[in-house]
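Comments concern the structure below.
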Amino acid sequence: MYTLIGGAGLIGRTLAQRLVKLGHTVAIIDIDPTACAHARERLGVMAFEGNAVSTDILYEAGIQKANIVCAALRYDALNLAIVSLARHYQVPHIISRLRHRDFEHPLRHAGAHQIISTVDLAVSTMVNAAEYPQVESIMHFEKGQIEVLKLSITEDCSFVNHRLADIARDPRFPASSLIIGYQAQSHKNLVIPNGDTVLELNSKVLVVTKPETLHILIDLLQPSQETSLLS
């Protein structure tokens with residue numbers, strides 16, 4: 001896919017680097033010549049020096065053939081302009097960074113298909129790290145209606161050496177939860193498990209659950225030492 005990124009700041013450059021690794025053809029636009037040079041030399045992407053909301057620069061960068069446009073400039077008003085122009089050029093998928101909540105509706109109205117709040121992401125990640133320090137990673141979907149988390153299975157877990165089918169039938173395991181990924185060892189790939197998959201010690205699982213059962217699930221699969229001593 002051809003992806004055009006407006007903004008060669010830290011977010012824009014990091015995004016470009018990740019997309020290149022995934023096989024995208026990436027072009028980036030920024031007014032800073034140093035940032036553009038860095039993008040060309042270090043990231044191996046096309047970089048166009050100029051105003052990312054200039055129709056001339058956008059056309060030169062190939063917006064008319066872009067599959068994806070990512071508005072990653074520092075200011076919401078400029079990202080709003082990029083989104084509007086991308087919609088004008090009928091780009092199939094438009095993504096925008098968001099700093100201030102007041103711009104969410106204007107961005108959506110302008111044509112952004114996905115809006116990523118950098119502040120919300122940072123705060124949510126820090127809250128999760130403080131609230132659930134034992135969880136490796138956690139993501140929210142559908143505005144927090146669904147949680148997906150990655151957990152390590154410790155020796156305190158009562159389900160070690162049990163089949164996933166048996167775990168799912170255990171009355172302690174929340175009915176609204178499902179183990180969707182399994183990594184037997186850290187050097188092995190994450191796989192999609194089935195009912196016969198056995199939960200091994202020190203393995204890792206990817207679990208989807210509802211917010212109201214999050215604490216129950218964490219305590220069940222990775223009980224704290226304090227919980228273990230009380231049980």
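Coordinate-derived values only; no laboratory data. Source: prediction; values computed, not measured. Quick reminder, even Gly has a Cβ in these numbers, built from the backbone with ideal geometry, and neighbours come from all protein chains shown.
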> Fully extended, how many nm does the chain gain between His109 and Glu49 (0.36 nm per residue separation, minus their Cα-Cα distance)?
Replying inline: 18.8 nm
> On a 0 to 90 degree scale, rounded to 10, what angle separates helix 118-131 from the longest Cα axis of the chain?
Replying inline: 20
>> For Leu98, what residues show an amide H to amide H distance below 5 Å, using hydrogens built from the backbone and excluding near sequence neighbours?
In response: Ile116, Ser117, Thr118
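Determine the relative contact order of the chain: mean sequence separation of Cα pairs under 8 Å and six or more apart, normalised by residue count, in whole percent.
Relative contact order here is 13 percent.
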> Semi-axes of the equivalent ellipsoid of the range 106-156: what are they in whole Å, largest first, if each equals the square root of 5 times a C-alpha gyration tensor eigenvalue?
Replying inline: 30, 12, 7
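What percent does the relative contact order of the range 119-196 come to when contacts are Cα pairs within less than 8 Å and at least six residues apart? Can you show the working numbers first?
On the way: 57 pairs, mean separation 13.8, N = 78.
Answer for the range 119-196 is 18 percent.
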>> Restricting the calculation to Cα positions, tell me the Rg (one decimal) and the Dmax (whole number) of the range 1-72 in Å.
In response: 10.5, 29
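Would you please give the FRET efficiency between Glu155 and Asn67, computed as 1/(1 + (r/R0)^6) with r the Cβ-Cβ distance and R0 = 45 Å, to the nearest 0.05? Write down the numbers at each step before the final one.
Details: r = 48 Å, r/R0 = 1.06.
That pair, Glu155 with Asn67, gives E of 0.40.
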>> With θ taken as phi - 60° and the coefficients 6.51, -1.76 and 1.60, list the Karplus ³J(HN,Hα) couplings across the range 133-139 in order, rounded to whole Hz; mark glycine and proline as x.
In response: x, 7, 8, 5, 7, 8, 10
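Over the alpha-carbon set of the range 126-230, divide Rg by the Kirkwood Rh and report the Rg/Rh ratio to two decimals.
Computed over Cα atoms, the ratio is 0.93.
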>> Apply the Karplus curve 6.51 cos²θ - 1.76 cosθ + 1.60, θ = phi - 60°, to the phi angles in the range 148-159 and return the couplings in whole Hz, x for Gly and Pro.
In response: 10, 10, 10, 10, 8, 8, 9, 5, 7, 6, 6, 9
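Given Cα positions, please report Rg to Rh for the chain, the hydrodynamic radius being the Kirkwood one. Could the numbers behind the result be given before it?
Details: Rg = 22.1 Å, Rh = 20.2 Å.
Answer for the chain: 1.10.
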> How much mean residue ellipticity at 222 nm does the chain get from its helices, if each DSSP H run of length 4 or more adds -39500 (n - 2.57) and you divide by all residues, to the nearest 500 deg cm²/dmol?
Replying inline: -9500 deg cm²/dmol
